[in-house]
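Take a look at the structure set out below.
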Amino acid sequence: DKGNHRHFMEKEIHEQPEAISHTLSHYIDFTDGTIGAFDDTIDFSKLTNLAISACGTAYLAGVTGKYWFERYARLPVEIDVASEFRYREVPLPKTAAALFISQSGETADTLASLRYCKAEGLKIGAVVNVRESTIARESDAIFPILAGPEIGVASTKAFTCQLTVLASLAIRAGRQRGTLTAAEEKELVAHLAEMPRVMSRVLNSIQPQIEGLARELSKFKDVLYLGRGTSYPIAMEGALKLKEISYIHAEGYAAGELKHGPIALIDENMPVIVIAPHDRFFEKTVSNMQEVAARGGRIIFVTDAKGAKASELPTMATIVLPEVDEAIQPMIFSLPIQLLAYHTAVFMGTDVDQPRNLAKSVTVE
Ligand code: F6R
């Protein structure tokens, strides 16, 4: 049932504050504001490495997770798309654990990667939505994302719920490894707990602007997304969402890679969507934006209030989100890129919930 929404995808985008509340209630102990005692099968304190593998949007959640595990838990992360991971013969010590991220829990390549790691004798964790799935069944530890059923082929709420679980796990790992203090944990948990409220505010405020912008965007054939730090996987996710449902060609790049190739493409026919909250990478990303502007590129600037004030570059549009802690930026900045893809596809009249050639669950290689 789509309720009063035109598509499941729209419904699922708007369900995110509620879905994330469910996720948080599983991972946070609200009595003391810490990450709660969930499945402890994987002892992060003794790990030397973490391997993460997944496909598509779930893979991009994993890339974001890598930044968190490395920063908060100082735990080295190896990550690859499952279709490569399964055949790479990745050398992993017995002191590693492996995490597999999958909404459906049935993705063939992800399952094959899991079985490879199992045969190597590693502890296996599954970040899944469907708890009765094969990937969940074959894992030692299950970390449910609790997003509720996701019907739209393009993943939205499962992505932000996966991010929420990965952030929680990284904080937990940081405490177990002694790289986060109790006070730091509480501060991070307080930021996670803010998410549902901030998300509702963002979803209610940016809709009209995004619809107008989507009308513009639907006229282009190519779009480039740029981001740095955890905004890099969000840039890739933005590009994936747009190409999947609107069929506009889109690429996500690390902002610093611009001058190593994609800058050759910049002209007035390829809008550049720059995802840049005012964080420790902001100045660097703005200098990449300057390079785009200097070559006549059109910029769609997705930033926060502080970032909007700090840059005077002319843009095609500036989408201003609330200033939030770095730990929750990926979830909050997912909202405008999801809505932009959605409304662009609606303008173009594509089948948003059932895009051509795509399946919700990919059980063949
Ligand atoms: C993108 C999308 C796909 C899936 C991918 C993995 O919007 O939905 O890229 O993320 O096929 O699927 P799961 O998470 O079920 O393993």
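Taking the C-alpha atoms only, the angle from helix 329-348 to the longest principal axis of the chain is near 50 degrees. Here the spin labels are modelled as points 7 Å beyond Cα on the Cα-Cβ line, and at Glu70 and Glu268 they lie 4.0 nm apart. A DSSP coil position with no more than 10 other Cβ atoms inside 10 Å describes the following trypsin sites (Lys or Arg not before Pro) in the stretch 15-105: Lys94. The alpha-carbon of Lys118 sits under 17 angstrom from the alpha-carbons of these lysines, leaving out residues fewer than 8 places away in its chain: Lys94.
Computed on the chain, with alpha-carbon pairs under 8 angstrom and 6+ residues apart, the relative contact order is 19 percent.
Of the residues Ser287, Thr107, Thr160, the one whose Cα sits farthest toward the positive end of the charge dipole of the chain, with +1 on the Cβ of Lys and Arg and -1 on the Cβ of Asp and Glu, is Ser287.
Only Lys, Arg, Asp and Glu carry charge here, each on its Cβ (+1 for the first two, -1 for the last two); on that basis the chain has a dipole of about 260 debye about its Cα centre.
Can you compute the charge dipole magnitude of the stretch 143-200 about its Cα centre, using +1 on each Lys and Arg Cβ and -1 on each Asp and Glu Cβ, nothing else charged? Give it in debye, rounded to the nearest 20. Walk me through the intermediate numbers first.
Working: 6 positive and 5 negative charges, 22 e Å.
With Lys and Arg at +1 and Asp and Glu at -1, about 100 debye.
Which of the aspartates and glutamates could a cross-linker bridge to Lys219, judged by Cα under 18 Å and excluding same-chain residues fewer than eight apart? Reachable aspartates and glutamates: Glu211, Glu244, Glu251, Asp267, Glu268, Asp351.
Beta bridges assigned by DSSP with both partners in the chain are antiparallel in approximately 5 percent of cases. Taking every protein chain into account, the accessible area of the chain amounts to 39 square angstrom per residue (probe 1.4 Å). Going by alpha carbons, how many degrees (0 to 90, nearest 10) lie between the helix axis of 16-27 and the longest principal axis of the chain? Value to nearest ten degrees: 20. Counting protein heavy atoms only, the chain has 50 percent of its accessible area on carbon and sulfur, 1.4 angstrom probe.
The Cα atoms of the chain cover 53, 44, 43 Å along the three principal axes, with the biggest extent listed first. Stretching the chain fully between Tyr247 and Thr179 yields a gain of 20.1 nm (0.36 nm per residue, less the alpha carbon separation).
Going by accessible surface with a 1.4 Å probe and the largest first, Lys360, Lys241, Lys284 read Lys284, Lys360, Lys241. Counting only protein heavy atoms and using a 1.4 Å probe, the accessible area of Thr57 comes to about 20 Å².
Full extension of the chain segment joining Gln207 with Ile151 gains 18.0 nm, where the gain is 0.36 nm per residue of separation less the Cα-Cα distance. By the rule of a C-alpha distance below 13 Å, with chain neighbours fewer than 8 residues away ignored, the aspartates and glutamates paired with Lys306 are Asp279, Glu283, Glu323, Asp325.
Each Lys and Arg adds +1 at its Cβ and each Asp and Glu adds -1 at its Cβ; summed about the Cα centre, the stretch 252-365 shows a dipole of about 140 debye.
So which of Lys11/Lys360; Lys157/Lys243; Lys186/Lys309; Lys2/Lys186 end up more than 27 Å apart by C-alpha? Checking Cα-Cα distances, Lys186/Lys309; Lys2/Lys186 exceed 27 Å. The helix-only estimate of mean residue ellipticity at 222 nm for the chain, built from DSSP H runs of length n ≥ 4 each weighted as -39500 (n - 2.57), is -15000 deg cm²/dmol after division by the residue total. Ligands, DNA and RNA excluded, the heavy atoms of Arg131 present near 120 Å² of accessible surface to a 1.4 Å solvent probe. Measuring r between the beta carbons of Leu358 and Thr31 and using R0 = 30 Å, the FRET efficiency lands at 0.10. Going by accessible surface with a 1.4 Å probe and the largest first, Ser168, Ser45 read Ser45, Ser168. Using a probe of 1.4 Å, the accessible surface attributed to His260 totals some 130 Å² when neighbouring protein chains are kept in position. Taking Cα atoms only, the orientation of helix 108-119 departs from the longest principal axis of the chain by about 30 degrees.
Accessible surface comparison of Leu313, Leu258, probe 1.4 Å, protein chains only, largest first: the order is Leu313, Leu258.
The values are calculated or read from the model by the stated rules, or taken from the named source; none is laboratory data. Remember, it's a predicted structure, so these values are computed and weren't measured experimentally. Virtual Cβ from ideal backbone geometry, glycine too; neighbours counted across all protein chains shown. These area figures cover heavy atoms from the full protein model, side chains too; ligands, DNA and RNA do not enter into them. Shrake-Rupley method; radii C 1.70, N 1.55, O 1.52, S 1.80 Å.
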